[in-house]
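Undergrad: Quick one: the structure is below, questions incoming.
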Amino acid sequence: GSALGIDCDAQGRIYVADQVNNRIQVFSPEGKHLQAVGIDRPKLVRVHQKSGALYVQHQGRLQGKSVDRITKISALPEARELFHADGLPASALALDSWSPNPRLWTAGDTVWVHGAGAGGAGPSVRIWEESGQGLKLVDDFEKDAHEAGGPGYFGRWGGAVAGPDGKLVCDPVRGKAYFDNRHVF
């Protein structure tokens, strides 16, 4: 199928990134189609739980060329573009709906999946904060690691991030990351 990203809003509506058909499909909690929001080649969608605004990572067009883009769209039913930021690839996208200003966490730009697991390539974890009519970089974990590692820094690991049943979950209360529900970092 052509569905890639999926998210839910505070009312239980389901948002599906339908890349082939250039739209975000919106469904009721019962599965009834409610609305389609047109956008070029959406890959990932996140819904702000307080405002209902959409943040979509997709391929935009700039001077006749494709560009990685994150676009903010107003809440339903209006669903109009509020702003976009170009040059922001992501194979993973998370949205912090409870920070004073919305924050997006991005990672990677390509994803690969095979029988033994999944992985990705591209930029490391970055945090972007909404600032006025755009996004500003708040933190770049790759840059932080490089600075902390000094001259001995050898780069990050590029292998699989999880086995067939693997998961990575962050606990913001305890400040821990759990990998595969067994390992704590």
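The values are calculated or read from the model by the stated rules, or taken from the named source; none is laboratory data. These numbers were taken from a predicted model, which means no experiment stands behind them. No Cβ is skipped: glycine too gets one built from the backbone with ideal geometry, and neighbour counts run over all protein chains shown. Just so you know, the surface numbers come from the protein's heavy atoms only, side chains and all, with ligands and any DNA or RNA stripped out. Shrake-Rupley method; radii C 1.70, N 1.55, O 1.52, S 1.80 Å.
Undergrad: Going residue by residue through region 69-76, is there one that turns out to be on the phi < 0 side of the Ramachandran plot, at pLDDT below 95 and either in contact with a Lys or Arg (Cβ under 8 Å, 6 or more places away or on another chain) or of a type in the set (Gly, Ala, Ser) (or both)?
TA: No, there is no match, as no residue in region 69-76 is on the phi < 0 side of the Ramachandran plot, at pLDDT below 95 and either in contact with a Lys or Arg (Cβ under 8 Å, 6 or more places away or on another chain) or of a type in the set (Gly, Ala, Ser) (or both).
Undergrad: Got a sec? Which strands (runs of 3 or more DSSP E) wholly within region 7-96 have at least 1 residues that are in contact (Cβ under 8 Å) with a residue 60 or more places away in the chain and open to solvent by less than 60 Å² (accessible area, probe 1.4 Å)?
TA: Because the criterion is at least 1 residues that are in contact (Cβ under 8 Å) with a residue 60 or more places away in the chain and open to solvent by less than 60 Å² (accessible area, probe 1.4 Å), the strands (runs of 3 or more DSSP E) in region 7-96 that meet it are 65-73, 92-96.
Undergrad: So, of the residues in region 139-154 that are open to solvent by less than 100 Å² (accessible area, probe 1.4 Å) and outside any helix (DSSP H, G or I), which turns out to be farthest from Gly108 (Cα to Cα)? Please lay out each step first, then the result.
TA: Residues of region 139-154 open to solvent by less than 100 Å² (accessible area, probe 1.4 Å): 139-142, 144-145, 148-150, 152-153.
Now drop any that are not outside any helix (DSSP H, G or I), which leaves 139-140, 153.
Values: Asp139: 15, Asp140: 12, Tyr153: 20 Å.
The qualifying residue farthest from Gly108 (Cα to Cα) is Tyr153.
Undergrad: Among the numbered criteria (1) under 17 Å from the mean Cα position of the chain (by Cα); (2) within 18 Å of Glu130 (Cα to Cα), which one does Leu4 miss?
TA: Leu4 satisfies every listed condition except (2).
Undergrad: Hey, another quick one. Which residues, taken from region 97-110, are open to solvent by less than 50 Å² (accessible area, probe 1.4 Å) and of a type in the set (Val, Ile, Thr)?
TA: Thr106 - this is the single residue of region 97-110 that is open to solvent by less than 50 Å² (accessible area, probe 1.4 Å) and of a type in the set (Val, Ile, Thr).
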